[in-house]
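Structure first, then comments.
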Amino acid sequence: MLIAINSYRDLFSAHNALPENADDETVEASGELLKAANDVLALWRSPATSHEAALAAVSLAEREKAIFEESPVADAMEAAAIGYWKNAGDSHLAPKAAVDASTRIGLKDLSPDMCLTGPEAAAYLRISDATLARWRSTRRGPIYFKAGGRVLYRVSALLDYVAKNERNGTRPEK
């Protein structure tokens, strides 16, 4: 959920930061990416899985309501936060059991055009931010791009990178 929220915020900011003289193709592409991220959040039906995600969902819902008269994203994010706190019991700070990997939302559940920040991509790859930065500087690792000075990775690029680096074993085939 945090990945989807952060991607939406980043794309929203990048879209709004486009210069007035941006060509139609750039504006249209940015709008399509923003719409895809918006659709993911508007269709969200699962409760948040952490206190941090629930707070981020409430924060986004408040921002959406301040900007738009009606917002399916705000409604979905409020429901996700409420779902988390209903499930948390007496204390929203009480430690929860680790989420089973099979119930986590993976990258395959997100739009291939959705963008992740460097730390989100590093978390998905289970490497440190420093390792991912070193890979960028040595032209290794997944394909990335910069928008508004931020390094972003498309979900499709991360999935491609993982698929291209899968191995059957450590020994070369003969």
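The values are calculated or read from the model by the stated rules, or taken from the named source; none is laboratory data. Fair warning: this is a prediction, and the values are worked out from it, not measured in the lab. Don't worry about glycine lacking a Cβ; one is built from the backbone with ideal geometry, like all the others, and counts go over all protein chains shown. The protein model used for the area step is the full one, side chains on, heavy atoms only, and it has no ligands, DNA or RNA in it. Shrake-Rupley method; radii C 1.70, N 1.55, O 1.52, S 1.80 Å.
Observations, loosely collected:
- P142 being at pLDDT 90 or above and in a loop (DSSP other than H, G, I, E, B): yes
- Pair list, Cβ < 7 Å and 6+ apart or interchain, from region 29-56 residues that are over 12 Å from E78 (Cβ atoms) and among the aliphatic types (A, V, I, L, M) to residues that are open to solvent by 30 Å² or more (accessible area, probe 1.4 Å) and part of a loop (DSSP other than H, G, I, E, B): L33/D113; A36/D113; A53/M1
- Test result for R63, farther than 18 Å from A123 by Cβ, outside any helix (DSSP H, G or I), among the basic types (K, R) and over 15 Å from the mean Cα position of the chain (by Cα): no
- Residues satisfying the stated conditions in region 92-135, i.e. at pLDDT below 50 and among the hydroxyl-bearing types (S, T, Y): S102, T103
- Every residue from region 109-131 that is in contact with a Phe, Trp or Tyr (Cβ under 9 Å, 6 or more places away or on another chain) and either open to solvent by less than 30 Å² (accessible area, probe 1.4 Å) or within 27 Å of L18 (Cβ to Cβ) (or both): M114, C115, L116, T117, G118, E120, A121
- Residue in region 56-69 that is open to solvent by 30 Å² or more (accessible area, probe 1.4 Å), of a type in the set (S, T, Y) and modelled with pLDDT under 85 present: no
- I82 vs. criteria over 18 Å from D39 (Cα atoms) and either open to solvent by 50 Å² or more (accessible area, probe 1.4 Å) or over 17 Å from the mean Cα position of the chain (by Cα) (or both): yes
- Candidates are the residues of region 132-150 that are within 16 Å of S7 (Cβ to Cβ) and out of contact with any Lys or Arg (no Cβ under 7 Å at 6 or more places or on another chain); the one that is least open to solvent (accessible area, probe 1.4 Å) is P142.
To keep it simple, each residue is scored yes or no on (1) on the phi < 0 side of the Ramachandran plot; (2) under 17 Å from the mean Cα position of the chain (by Cα); (3) touching a residue at least 12 places away in the same chain (Cβ under 8 Å).
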site	(1), (2), (3)
S137	yes, no, no
K146	yes, yes, no
L152	yes, yes, yes
D160	yes, yes, yes
